Amino acid sequence: MIDLQSLAIIAAALGAGALVKGATGMGLPLVALPALAATFGVAHSIAIMCVPLVVTNAWQVWRYRQARAGGDMAFLTPMLVMGAIGVAAGTWLLTTISEDAMALGLAALVLAYVALRLFSPSFRLTTVTGRRAAPFVGLAAGTLQGSTGLSAPVGVTFIHAMRFDREAHVFAVSTMFLLFALAQTGALAAAGILTGPRFLEGVFALLPVVLLMPLGQKLATLLSREAFDRIILAMLCVMAAFIIFGALDGRG
């Protein structure tokens, strides 16, 4: 039976991640997983995250569903279809390609985009370019999700480059995360990693998420467009740092 200290760690980690998720539409696993992994291990922590990731992203897709009405969202369908194919391909690639090499290349791409945005603030992908690139980006993001468990650096970087307003950005990012979370949940269950007790821990983890994610959403209304952009860029840098340190630690 899970002890009170473990429950407190789950509540604190998921609560902090929920605040960031509510404000930016991303960041729940980025904030929560390191704290959880230190106590439960990586595989166990990922299993705990399944329920919160599916529920929070489904909620945000519903909350910001009006953003779908815009023609700018046309890129999502080809991106998600190819992303699903990529998840399957990435699972196969997991046993054939060096994860560390892939991770370091991924981090370099993310940092290059951040540098581009800092030195060329007006850079953006047009709607036409976004539609043309979406299938390839979806395939890459899905492949990385299947092979490394990380799709955000590619997917969020691409969506952020299209320079949507906050509501459209959160809708697009949450839709992508929801698809990948559902695919990964099935894979973890099939592999025996997502067990009954871990599923229940994930259900418990919803409590701090439900309480604190709306607070993050309210705090986000106080942010200007410029502040929101800076937060996203900062989170991309943090993700890149986690990827680099994880890869170098694996080599060591």
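Dipole magnitude for the chain: computed about the Cα centre from +1 point charges on Lys and Arg Cβ and -1 point charges on Asp and Glu Cβ, it is near 660 debye. Each label was represented as a point 7 Å from its Cα along the Cα-to-Cβ direction; for Ser224 and Asp3 these points are 4.9 nm apart. Placing unit charges on the Cβ atoms of the charged side chains and taking the dipole of the chain about its Cα centre, the candidate lying farthest along the positive direction among Ile10, Leu111, Ile46 is Leu111. Of all complete DSSP H helices in the chain, those with a Cα span along the helix axis of 18 Å or greater and a mean Kyte-Doolittle hydropathy of 0.5 or more are 4-24, 42-63, 76-93, 99-119, 166-190, 196-220, 225-251. With the helix formula -39500 (n - 2.57) applied to DSSP H stretches of n ≥ 4, the chain reaches a computed 222 nm mean residue ellipticity of -28000 deg cm²/dmol.
Take Val209, Val54 and order them by how many other Cβ atoms sit within 10 Å, fewest up front. Can you show the working numbers first?
Values: Val209 26, Val54 17.
Listed from fewest to most nearby Cβ atoms, that is Val54, Val209.
Between Leu116 and Val210, the FRET efficiency from the beta-carbon distance, with R0 = 45 Å, is close to 0.75.
Here r is the Cβ-Cβ distance between Leu200 and Ala88 and R0 is 30 Å; the resulting FRET efficiency, rounded to 0.05, is 0.60. When Ile159, Ile9 are sorted by how many other C-beta atoms sit within 10 angstrom of their C-beta, beginning with the fewest, the order is Ile9, Ile159. Only alpha carbons enter this Debye calculation for the chain, each as an equal point scatterer, and the log10 of I(q)/I(0) it gives at q = 0.12, 0.17 Å⁻¹ is -0.67, -1.44.
Every read-out reported here was derived from the displayed coordinates using simple, explicitly stated rules and does not represent laboratory data. Not measured: the values here are computed from a predicted model. All Cβ positions, even for glycine, are placed from backbone atoms using ideal geometry, and neighbour counts span all protein chains on display.
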